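Take a look at the structure set out below.
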Amino acid sequence: MSIDTPPAPSSDADRRQFVKACCAVALGGVATAVPIAAGLNFASDPIRRAPAEAGGFLRVAFLGALPEDGTPRKFPVVADKSDAWNKFPNVPVGAVYLRRVAPDKVEALNVICPHAGCAVDYQSDQRHYLCPCHNSSFALDGTLADQRSPSARPLDTLDVEVRNGSEVWVRFQNYRAGTSEKIPLA
């Protein structure tokens, strides 16, 4: 008696199994790669984004809001801020003292004392600025009023433009406190 050997599996069935396995691996790879690529794109967005231009002019006030006698007025500086992923529109970024020195000319001083970073106050009765933290005093134009003042430099002046005949634009910048040099902060 002869023993029949079972027939060998066909090579077509092996091929189909191989193609199925390859398709499953390819589809699994695509299904995994898409979320990974999206995550890498999100995580690297702040690195790829161009940095915002610092030190641009901001509209701070209108010329009509400034007394013609040269008395300084304090105005908030409002701008859009952003961090790596968020944008915050119209938030206070500082303040300035503006004073009219001619009918269409304005001077701007940063309100931050260069000694320790406190906000200075304008003393209208004495016509000078005073830092309440360490009694540094500054003249109307921002220069040191008292040479014994602990501040190593005058109040920081800022660039000003009068645009459209009535808008006061200031190039707002904060500077490092505690140094005799005017070093811009980022």
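Any read-out appearing in this document is the output of simple, stated calculations on the displayed coordinates, not a laboratory observation. Since the model is a prediction, treat every value here as computed from it, not as a measurement. Reconstructed Cβ throughout: ideal geometry from the backbone, glycine too, with neighbour counts over all protein chains shown.
Over the chain, what is the mean sequence separation of C-alpha contacts under 8 Å (at least six apart), divided by residue count, expressed as relative contact order in percent?
Numbers: 301 pairs, mean separation 32.7, N = 186.
The normalised contact order for the chain reaches 18 percent.
Expressed in nm², what is the orientationally averaged projection area of the convex hull enclosing the Cα positions of the stretch 62-157?
Result: a mean projected hull area of 7.4 nm².
Taking the Cα centre of the chain as origin, sum charge times position over the Cβ atoms of Lys and Arg (+1) and Asp and Glu (-1), and report the length of that vector in debye to the nearest 20.
That gives the chain a dipole magnitude of about 80 debye.
How would you rank Ser149, Ser11, Ser166, going from fewest to most other Cβ atoms within 10 Å of each one's own Cβ?
Going from least to most buried by this count: Ser11, Ser166, Ser149.
For every helix of n ≥ 4 consecutive DSSP H residues, a contribution of -39,500 (n - 2.57) applies; sum these over the chain, divide by its total residues, and give [θ] at 222 nm rounded to the nearest 500 deg cm²/dmol.
After summing the helix terms and dividing by the residues of the chain, the value is -7500 deg cm²/dmol.
Taking other Cβ within 10 Å of each residue's Cβ, how do Val93, Val34 sort, fewest first?
Ranked by crowding around the Cβ, least crowded first: Val34, Val93.
Which aspartates and glutamates have a Cα less than 17 Å from the Cα of Lys87, not counting those fewer than 8 places away in the same chain?
Counting by Cα, and skipping residues close in sequence, Lys87 has these aspartates and glutamates nearby: Asp45, Glu53.
If you filter the stretch 53-134 for GluC sites (Glu not before Pro), then keep DSSP loop positions with at most 15 other Cβ within 10 Å, what is left?
Working: sites: Glu53, Glu68, Glu107; in loops: Glu53, Glu68.
Answer by residue number: Glu53, Glu68.
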